[in-house]
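What follows draws every value from the coordinates through simple rules; no lab data is involved. Because the structure is predicted, anything quoted here is derived from the model rather than measured. All Cβ positions, even for glycine, are placed from backbone atoms using ideal geometry, and neighbour counts span all protein chains on display.
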Amino acid sequence: MKVGVTLPLAESPAKQPSYEEIRALARQAEAAGFDSLWCFDHLLFRDGTEPAEGIWECWTILSALAEATSRIQLGTLVLCTAFRNPAVLAKMVVTLDSLSNGRLILGLGAGWHRPEFEAFGLDFDHRVARFEEALQIIVSLLRTGKAEFNGRYSWARGGELRPRGVRPEGPPLLVGGSGPRMLRATARYADLWNGCWFGAPDTFETALHTVRTACADAGRDPSTLRITVGVNVVPAGRAACPDPRAPVLTGTPAELADGFAGYRDLGVDHLICNLNPHHATAQRALAEALRRYRAHPDPTEEGPRS
């Protein structure tokens, strides 16, 4: 099982992280042996009458990190298709995948935070229908280099993706979502599915059963869909997750390593850790948990052959 970590792009009560701080955390994670870095895609957060919270634009940060790192995979968790023209987004994807030498994981979703849609003049209605149309254009361009689509919300006439990039069928496609229509789209198009946000492994079992059932209902072998899960992680002794309703995986590095193993045993392919707050010390504690997890091999894997 791969283990990655999200990066802090948004304002915290204390400050807005600078790019220099984000880059330092990314490089520290790569040096520590994490498999992936993940960026959230939002425009702002606004809750009622509270002041808005800002966030850096996801794709720009990810593009910079493609140059700042060399090995670690780069993912979007998840890119909102409503924020960008789908054909143009496909062009952006093959460009960044080439710049990073094939390290991109393309996570896509329909968006959910209505205030940012309204603040930036974006349509919030029929979000899933718009997502389904955008996904068809993106998938066609990435996998075949061409797209002909005439939908209610999106269209591409004579769409052609040139150059094709470093991977003939584009980067792996991840879909994030839990509703029936999002799961049907996942079963039809995606290489990976993401569920979030969870704490201990037992909090994830119902969601895992649901997506596997959706695959079976669509006639797809559930084992062909790789499973990623976002987990709120708070190393012991750190501040608690700010939302008391959110499940959290917490404990010593050894206890966190046991939690990682629990997700692996459920069949998770990629664990994505969300540290909150995320700073260098907290990430080092997470890296120690990663080291301990990797020190104990998966008992289901074959040993060395004689």
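Might you report the magnitude of the Cβ-based charge dipole of the chain about its Cα centre, with Lys and Arg at +1 and Asp and Glu at -1, to the nearest 20 debye?
Value, rounded to 20: 740 debye.
Using the 10 angstrom Cβ neighbour count as an exposure proxy, how do His42, His113, His270 rank, fewest first?
The fewest-first ordering by Cβ neighbours comes to His113, His42, His270.
Can you give the alpha-carbon Rg of region 2-294 over 2.2 N^0.38 Å, where N counts its residues?
Rounded to two decimals, the normalised Rg is 0.98.
How much mean residue ellipticity at 222 nm does the chain get from its helices, if each DSSP H run of length 4 or more adds -39500 (n - 2.57) and you divide by all residues, to the nearest 500 deg cm²/dmol?
Here the helix-only value at 222 nm equals -12000 deg cm²/dmol.
Expressed in nm to one decimal, what extension gain is obtained for the pair Thr281 and Asp221 from 0.36 nm per residue of sequence separation less their Cα-Cα distance?
This chain segment gains 17.4 nm when fully extended.
In which sequence would Lys146, Lys15, Lys91 go, from the one with the fewest C-beta neighbours within 10 Å to the one with the most?
Sorted ascending by nearby Cβ count, the order is Lys15, Lys146, Lys91.
Fewest to most neighbouring Cβ within 10 Å: what's the order for Phe149, Phe204?
Ordered from fewest to most neighbouring Cβ atoms within 10 Å, Phe149, Phe204 come out as Phe149, Phe204.
Apply the Karplus curve 6.51 cos²θ - 1.76 cosθ + 1.60, θ = phi - 60°, to the phi angles in region 191-198 and return the couplings in whole Hz, x for Gly and Pro.
8, 9, 10, 10, x, 7, 10, 10
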